[in-house]
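What follows is one structure encoded as structure tokens, with my remarks underneath.
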Amino acid sequence: MTDNRYSINDLDLVRPEQLLDQGIPLPLLSGKYEVKEGFCAVITEGGVYKETLAPGFYYLYKYKMFRNIRAVVVDMRIKQLTISTNRKYQIKFPVPIQLDLDLVVEYKVRDARMVALEIDQPLHALFDRVNMVINPIVSVATYDEVNLRREDFAARVLQGLKGMQLQKTIGIEVLNVIITNLKALDSGEDALSQQSMDEFQTFRNWQLDSAILQNSQMDIRTMLLQASPDERIKIIRDLIDKGYMDPAGGFLVQPSSKSNANPSQIFNNLLAGNNFSSPQQARLESTYGFQNNNNLSTQNNQGQYTQSRMNEEINLLKTLPGAHVDVKSGTDSNGLFNGSYIVRVDMPKSSGGTIVCVFSCGPNFPDTPPRYAVEVDGEDTPFESSNVRGWRKQYLFEIVREVIASVG
């Protein structure tokens, strides 16, 4: 983990102090001094600040004799500070991944006196403050943001630097931040990173399976494919009991129950994944508890969808080590359920103390993101979630993991 701080030279901004030759205090015999365009000279008289000279030509007889007159030249042009880092920063979500980050900071001196006389190493001071801003921004960034939203990343760094009011603290104003290189790297053989990756992949696979199941056409073929071996045997036995199959496993020409259905057609439907036509469909649906998409769309409303999602959310949150989950239903002015939920998650910090996350999920959740607040050791803690910023119906579990990675 390295950066280029060692290569920064403050002489690029502030030139060494020079002693001026005052000459003889007469108009034609006095010492002369010239300040070039784009620079200024900070003058001290006897070691005390006297004035700042703009570009131009000056006679030195106006200063008191027998006092040392010194000048520190400061570059007032718009300049660039190049910062290069190698594996110094890492994103923590979805798993710890180290970064190579190079950027250019455009800046301009606003207080030449402060830069020349009060700040020991002004460029090093600027470098350190840029890094102070980058670290918390990177820690809550996601892999997608690093790779696809570089301009937004640079804008957040610039906003953070402007918020530090550097022109008042070190006399320098940051004008722009340009990301020249931002690359996510492999974290190597780190055991904890590998464990986090395994957990993330397991969770994503579960999430994908759930989405496929939720949007799949629920027929007998799907049920057989998704069922465990024991459950498949039970379904087949039930088909035998209802007269659709003989004990040897073959379909009967006519079912033993009173029905006009053609078993060969039923078998073809099973293989093709087509829905059954009533009355067989109704009987099988009542037996195995599934419906086709058309029936689901007419019977399920947004409230039922949100309630089902909240059950998944709570079960996931309870898997967090030491987590305690409380859920309350929202009500309207008449005290009736309005479809919203308040979810509170309390969990211990690895370094000691507690983390509390409170989520407000509206009636349209998860189509719309939740509102949230974070409390660490009893104090409100500002936190910006990259999952909420790029909302794609993620789970509260993922936001909580972000919080833990950031403050836990």
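The values are calculated or read from the model by the stated rules, or taken from the named source; none is laboratory data. Worth saying up front: this structure is predicted, and the values here are computed from it rather than measured. All Cβ positions, even for glycine, are placed from backbone atoms using ideal geometry, and neighbour counts span all protein chains on display. Ligands, DNA and RNA are excluded from the accessible area calculation, which covers all protein heavy atoms including side chains. Shrake-Rupley method; radii C 1.70, N 1.55, O 1.52, S 1.80 Å.
A straight chain from residue 319 to residue 159 at 0.36 nm per residue would run longer than the Cα-Cα distance by 53.9 nm.
Figure legend: label point modelled 7 angstrom from the Cα of residue 2 along Cα→Cβ; residues of segment 99-142 with amide N under 17 Å from it are 99-103. Relative to a virtual label point 7 Å from the Cα of residue 377 in the Cα→beta-carbon direction, which members of segment 327-354 show backbone nitrogen distances below 19 Å? Within reach of a label on residue 377: 346-354. Given a 1.4 Å probe and every protein chain left where it sits, what share in percent of the accessible area of segment 323-391 is carbon and sulfur? Of the solvent-accessible surface of segment 323-391, carbon and sulfur hold 49 percent. Maximal additional length on extending the residue 234-residue 308 stretch stands at 24.0 nm, based on 0.36 nm per residue less the C-alpha distance. Distance between the pseudo-spin-label points of residue 350 and residue 29 (7 Å out from Cα toward the beta carbon): 7.7 nm.
Note on segment 1-142: lysine pairs with Cα distance below 14 Å, sequence gap of 8 or more or different chains, count 4. Label positions at residue 358 and residue 342, each projected 7 Å from the Cα along the C-beta direction, are separated by 0.7 nm. Taking max minus min of the alpha-carbon positions on each principal axis, segment 1-113 gives extents of 73, 23, 19 Å, largest first. Counted residue by residue at 0.36 nm each, then reduced by the alpha carbon distance between them, the extension gain from residue 86 to residue 368 reaches 97.7 nm. The calculated FRET efficiency for the pair residue 384 and residue 15, based on their C-beta separation and a Förster distance of 51 Å, comes to about 0.80. With no solvent and one equal point scatterer per Cα, compute the Debye intensity ratio I(q)/I(0) for segment 318-361 at 0.23, 0.34 Å⁻¹ and report its log10, rounded to two decimals. The Cα Debye sum returns log10 ratios of -0.76, -1.13. The distance from the alpha carbon centre of segment 30-50 to that of segment 303-334 is 69 Å, rounded to a whole number.
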